[in-house]
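All remarks here apply to the structure that follows.
Taken together, the values in this text are just the output of simple stated rules run on the coordinates, not laboratory data. Model, not experiment: these values are computed from the prediction. Every residue, glycine as well, gets a Cβ built from its backbone with ideal geometry; the counts of neighbours run over all protein chains shown.
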Amino acid sequence: MSADPGDRVRILDEDGTVVDGATVPDLDEETLVEMYRTMRLARHFDERAVSLQRQGRMGTYPPLAGQEAAQVASAMALSPDDWIFPSYREHAASYVRGVGLDRTLRYWMGDERGNELTGLNVFPVAVPIATQVLHATGAAWASKLSGGGEAFVCYFGDGATSEGDFHEGLNFAGVFDVPAVFFCNNNQWAISVPRERQTASETLAGKAEAYGFEGVVVDGMDPLAVYQATSDAIADATGEGRNGEDGRARPTLIEAVQYRFGAHTTADDPSVYRDDAEVERWKRKDPIPRLEAFLRGRGIVDDERVAAIEESVRAEVADAIEAAEGTERPKPGDMFDHVYAERTDRLAEQAADLEGLCERHGDEELLE
Amino acid sequence: MSADPGDRVRILDEDGTVVDGATVPDLDEETLVEMYRTMRLARHFDERAVSLQRQGRMGTYPPLAGQEAAQVASAMALSPDDWIFPSYREHAASYVRGVGLDRTLRYWMGDERGNELTGLNVFPVAVPIATQVLHATGAAWASKLSGGGEAFVCYFGDGATSEGDFHEGLNFAGVFDVPAVFFCNNNQWAISVPRERQTASETLAGKAEAYGFEGVVVDGMDPLAVYQATSDAIADATGEGRNGEDGRARPTLIEAVQYRFGAHTTADDPSVYRDDAEVERWKRKDPIPRLEAFLRGRGIVDDERVAAIEESVRAEVADAIEAAEGTERPKPGDMFDHVYAERTDRLAEQAADLEGLCERHGDEELLE
Amino acid sequence: MSTQKPDTQNLTLVQAVRDGLKSEMHRDEDVLVLGEDVGKNGGVFRATEGLYEEFGEDRVIDTPLAESGIVGTSIGMAAYGLRPVPEIQFSGFMYPAFDQIVSHAARLRNRSRGRFSCPMVVRAPYGGGIRAPEHHSESKEAIYVHEAGLKVVVPSTPYDTKGLLAASIRDPDPVIFLEPKLIYRAFRGDVPEEPYTVELGEAAVRREGADVSVFTWGAMTRPTLSAAESVADDGIDCEVVDMRTLSPMDTDTLLASFEKTGRAVVVHEAPKTGGLAGEITATIQEEALYYQEAPIERVTGFDVPYPLYALEDYYMPEDTRIEEAIRETVAF
Amino acid sequence: MSTQKPDTQNLTLVQAVRDGLKSEMHRDEDVLVLGEDVGKNGGVFRATEGLYEEFGEDRVIDTPLAESGIVGTSIGMAAYGLRPVPEIQFSGFMYPAFDQIVSHAARLRNRSRGRFSCPMVVRAPYGGGIRAPEHHSESKEAIYVHEAGLKVVVPSTPYDTKGLLAASIRDPDPVIFLEPKLIYRAFRGDVPEEPYTVELGEAAVRREGADVSVFTWGAMTRPTLSAAESVADDGIDCEVVDMRTLSPMDTDTLLASFEKTGRAVVVHEAPKTGGLAGEITATIQEEALYYQEAPIERVTGFDVPYPLYALEDYYMPEDTRIEEAIRETVAF
Ligand SMILES: Cc1ncc(C[n+]2csc(CCOP(=O)(O)OP(=O)(O)O)c2C)c(N)n1
Ligand SMILES: Cc1ncc(C[n+]2csc(CCOP(=O)(O)OP(=O)(O)O)c2C)c(N)n1
Ligand SMILES: [Mg+2]
Ligand SMILES: [Mg+2]
């Protein structure tokens, strides 16, 4: 376990060169290109989403620029049946796990159906900070008790480590050895509160010791390092990894050190609480050019391929926006549908009341 | 910081002999005798309290036998203006801080006035586990902000370390460097749940690292070691100790390793979940004979003195019981007195209703 | 009590909890129990006694001391497909889990539009009257009833306890199951050995009467029935309705009774202000004002923190107060 | 709005919050503000803007992200003698602090028989209607009103906001101060520069009328007043009472109004079942049944988890629904 941030796992340096002594994970070219493409897709999606919000076509939105490597590469380390438990910022991780971008847009457009992820092992976005840590622990525990064999990856931020639920979740995970990976997207800020104000702990990963398992610090803007660290943690969690010799699966806390380039959400103005210089410093670590340089160096992509990717990325995002905006609005009565498996009498009454109201007055009058 | 339980602070061995290389804290004879006497008092009080409960003269009561050293010696390390935040088991620590035994009895006899500790810096007993950790942190913080200079000692059990409030409290304490000492009475059991089921952390003290400050494991059945560790922690907390050179006061987490000889409460039957052999093993560490042997060895007490102490202890407890049982019962209307600084109209109405009811029917009919 | 039939046991309410858990655990291997001291110790009230021995440590699990942890992990378990029955040792210790209960358990189905659900039963001993320490006598059912997506159940007999618990465990949605500990061992009742359910959402008329309806639940059912007997001596004919399920509430039975009697008293232990007597009163006068012949009286706990036990008997509604309210209502 | 007087400012409601904090912090150096993003950032709604610069980091404190931590340490601070004003970023995030609020803040005075008290004001933006993300639109005032020992305040005008906040901060007991964020910036009002208080526990009659009383608070006051104007065209003379303090509730004003009109509608955003409309209805019919001429209508949120914003305008009571209820009540 590393308490010294200097020990962080890193494979690519800021120029995309493999650092001395590091082993590049064994990924085929197609997968590496997919990783690169997905990161670009996420970046472009993010820009478009912010602009949709600016244009009043979407509500508050939490951007992820700068955090693509941590999300994409970690999610790519999962097997098909594995589960993820995202916070509100993991649009890219969810995309990798099968959540269409149009779904994500619809959620942020205020349409609950964006969270209806039938067939996917992706939990609905968790807005109350750190609450999902317990859900991931519980689901992982259930899988272990049922012999399911899946891994469970839970995402949360640096700020989340201060909440009681983080503590209780990791503590349960340690006691019951559940097949979970706790993936902390330490983007240095919890809205305006810097990492150092969040806790006096030297690293966030180091907190794992309090729960009797390992913590790993990884360069969260190095997609290869993230991929490797997540793969290792998943192997440990499912009993196939380093701890697996004795068959004892163990959770891991991964601290992926990274930076949020943009605002906390579109409602936030980061210039109030942080310097441009800091942002610029972190932008030098941008994961996308880093991976691109690595791929170019290996002859896996060239200008032409990059251009083609850019074009396909634009088209995919444009399609998603069209799909999201083209979906018909939810019906008012939808809000009564999933409160319980079956509507109670009182809900049926209320639904009828609302329907009557809508019939009598129409949307114009009601929503004026 | 010690992650290895072998590193625990210890001054007296199980026979009351000073262990090699240990320094006996600089306490005068009178103080040492007081420490011994208070521990005996606590033990005797405890026996009598359990028997009061058995006789139906008191409600559920949580015994402390085995834990006298941790409570008495830690509380004796405080200065007059310092504060304590007890859980429900720290009758002996509270006694040292001025809470009459009759008060404690009255509280457990169901009389809220047992918690009316005018003039004392003793917080009311906290029943909801770990909640008091935040109160201690907050009061300590307030003292720091106001330049008060007091130290704040918070007591809680091994089980309490699993609660979110423990985490949030220690984390705030670490971030704001408040003058608090977190004193964990690790008595090995949280009702029927053993320490190993509570957390996979190697030690409880080690959890302090997650909050950026020191944790210390101390033999909680060695009163001299407890006294020393607490004194050191208080000095650190108020900026006069090891960390004090740079003027930076720091909290400490003390894990006092000890054992609860009896039941969790009078409602509990420990034979269901633990072996007598385990209890016997720990009884060999009983803090009272240990300190007695030390005092005898130094010629500070002899048979006569011990007998005199025993007699005075019995008298004091008998007086306390008499006082507690002699107090007139609280009046029904008392329950409306301190809901707010002033009674609201609705409360005044309800108080009048109850008074009317009592007048019309009398206690016999109402309480049948 | 009636004599024991061959296939019934004569159980206390807490034994019926245990029997209900046991028979559901036999019926469905996805059912599991977790919480503080529920395993080896069998629960501080012995509600899970013997289950650890019978079902093993993977289905009867002693957890660390953390209520949000217990409920939050249960939500994850339920979403995965199990049917967890977390115990919170006393209902006064559910507050640390309140966020998980209201922000997640209550909303998981809705938030995921049915992709996930939360078939979980949070059990907790509830209510006052047993000379317990501070924070051990809470009765705050109203705060759970106010939360859409939860069901809230309070049994008052051994038979109902087993049947309602089984129905709760089989229910596809989260249930807060509050067990009135004052009557955990107060009396016995016949309980079939076979599994059975008592449907959620149906009140029980415990005593039929024509003059006034008294609506109550849990431990208050007994003093209410006893008050009803007392006033019967003076020719007052009380109907006593045990609501049993507080959410969803059986407004049909509630209104039918009121329409018959035109007078009502609501009895609960919880503090008056903001308690469910208000909800019941509002429902009645919304739907049945025409029938109303007297103000609806509330016999409740006072608006004070539940007092330590020296005064608790003054706090808890009992026969005398209920009787007075019935008489006043009828005399109006 | 009236023209600005020399010693008044024309402020929005959220500016009045800030002004109230500022003037109380000047008046009493024991007052301090803490919470997530309240310092350098000035609060996510700018309610604490400029305070960090003015009063420094020891009185305007950015805390770690932990609501139980924020409220629990505030209780300790208050017990020590300070007057903390913790901000919870949205009222939907008060749940993790619920245990500290109800088990401790509400009871500290009572439990210590007055040795300690808890003069703390928990501020939180509250209610729906601003197209906010999930969990950002809660209005669960009822669960705090049900808890003895707490006071609960919901202002609806800039003037009241500053005055009620000042009264809350000076109050010797804990206050839950819920700020209707829908009207944080919806309009301005004159606010004296000097410190002043608006007494807790006093409702305000916002519009006098003889035919029907509408009881409401917070953001619902505006659509209620507008519905009152609409029905006035048809000769219906509505009285609109802004409750302002929900605990303790001003039942005198409530009853006086009802005794005058004999008819009532209660409007709140919170879900219907278990909401405060029930409490108000019960109080009225307990005390003033003689005067009642029609069922008391409840215009409230539905019994569903607050929907994401595409549907929130259907969830929130607005003019039309309120108007219909008024007409029905008067027509009864
Ligand atoms: C329980 C809770 N408290 C407060 C908030 C408001 N809030 C939303 S995001 C956020 C900061 C989160 O920081 P971090 O955990 O570092 O994640 P990041 O946003 O940086 O990805 C806060 C305070 C919330 N959503 N939930
Ligand atoms: C929040 C909360 N949950 C549960 C309980 C019930 N309870 C009382 S004491 C106890 C065990 C506490 O163990 P520990 O912290 O080790 O302290 P000890 O009793 O051993 O001194 C439990 C579960 C409680 N009082 N508060
Ligand atoms: Mg962050
Ligand atoms: Mg213990």
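Summary table
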{"item": "Ranked list, fewest to most other Cβ atoms within 10 Å of each Cβ, for D:Lys151, C:Lys40, B:Lys331", "result": "B:Lys331, C:Lys40, D:Lys151"}
{"item": "Expected 222 nm ellipticity per residue - DSSP helices of 4 or more, -39500 (n - 2.57), all of chain B, to 500", "result": "-14000 deg cm²/dmol"}
{"item": "Within chain C, helix-based [θ] at 222 nm, where runs of 4 or more DSSP H residues each add -39,500 (n - 2.57), nearest 500", "result": "-10000 deg cm²/dmol"}
{"item": "Share antiparallel - DSSP beta bridges, chain D, percent rounded to 5", "result": "25 percent"}
{"item": "Cβ-based net charge around B:Arg274, under 15 Å, with every Lys or Arg adding one and every Asp or Glu removing one", "result": "-4"}
{"item": "Overall Cα dimensions of chain C, principal axis frame, Å, largest first", "result": "59, 47, 38"}
{"item": "Simple spin-label estimate for D:Tyr196 and A:Ile300 in nanometres, 7 Å along Cα-Cβ", "result": "7.0 nm"}
{"item": "Packing-based exposure ordering (other Cβ within 10 Å, fewest first) of C:Lys140, B:Lys283", "result": "B:Lys283, C:Lys140"}
{"item": "Neighbour-count ranking [beta-carbon atoms within 10 angstrom, fewest first] of A:Glu116, C:Glu269", "result": "A:Glu116, C:Glu269"}
{"item": "Fraction of beta bridges assigned by DSSP in chain A that are antiparallel (%, nearest 5)", "result": "10 percent"}
{"item": "Estimated dipole of segment B:5-325 in Debye, rounded to 20 [Cβ of Lys and Arg +1, of Asp and Glu -1, Cα centre]", "result": "600 debye"}
{"item": "With Cα atoms, 0 to 90° folded angle of helix D:158-170 axis to chain D main axis", "result": "50 degrees"}
{"item": "Across the identical copies, how the D:Pro172 labels are spaced - nm, sorted shortest first, 7 Å along Cα→Cβ", "result": "5.5"}
{"item": "Nearest-20 debye value, the protein assembly as shown charge dipole, Cβ charges on Lys, Arg, Asp, Glu", "result": "980 debye"}
{"item": "Net dipole in debye of chain C [+1 Lys, Arg Cβ; -1 Asp, Glu Cβ; about Cα centre; nearest 20]", "result": "820 debye"}
{"item": "Kirkwood Rh, angstrom, the protein assembly as shown [1 / mean 1/r, Cα pairs]", "result": "32.6 Å"}
{"item": "Whole-number percent relative contact order across segment D:8-192, with pairs defined as alpha carbons under 8 Å at least 6 apart", "result": "28 percent"}
{"item": "Candidates per trypsin sites (Lys or Arg not before Pro) in segment B:225-275, loop by DSSP, up to 16 other Cβ within 10 Å", "result": "B:Arg248, B:Arg274"}
{"item": "Cα shape, segment A:5-325, gyration tensor, a/c 1.5 rule", "result": "rounded"}
{"item": "Set C:Lys140/C:Lys162; C:Lys272/D:Lys272; C:Lys140/C:Lys272 screened for pairs whose C-alpha atoms are more than 20 Å apart", "result": "C:Lys140/C:Lys162"}
{"item": "Cα-projected label distance for D:Arg185 with B:Val24, points at 7 Å along beta-carbon direction, nm", "result": "7.2 nm"}
{"item": "7 Å along Cα→Cβ, label-point gaps from C:Val205 to other copies, nm, shortest first", "result": "4.5"}
{"item": "Identity and axial distance of the chain B residue whose Cβ lies nearest the axis relating B to A, Å", "result": "B:Gly164, 1"}
{"item": "Extreme residue, positive dipole direction of chain C, given options C:Thr224, C:Asn41, C:Val212 (C-beta unit charges)", "result": "C:Asn41"}
{"item": "Environment charge at A:Ile309 (Cβ cut-off 13 Å; Lys +1, Arg +1, Asp -1, Glu -1)", "result": "-3"}
{"item": "Centroid-to-centroid separation of segment B:101-159 and segment D:163-191 [C-alpha atoms, Å]", "result": "31 Å"}
{"item": "Computed over chain B: relative contact order in percent, which uses C-alpha pairs under 8 Å that are six or more apart", "result": "23 percent"}
{"item": "Net charge, D:Lys162 excluded, C-beta distance under 11 Å - Lys, Arg +1, Asp, Glu -1", "result": "-4"}
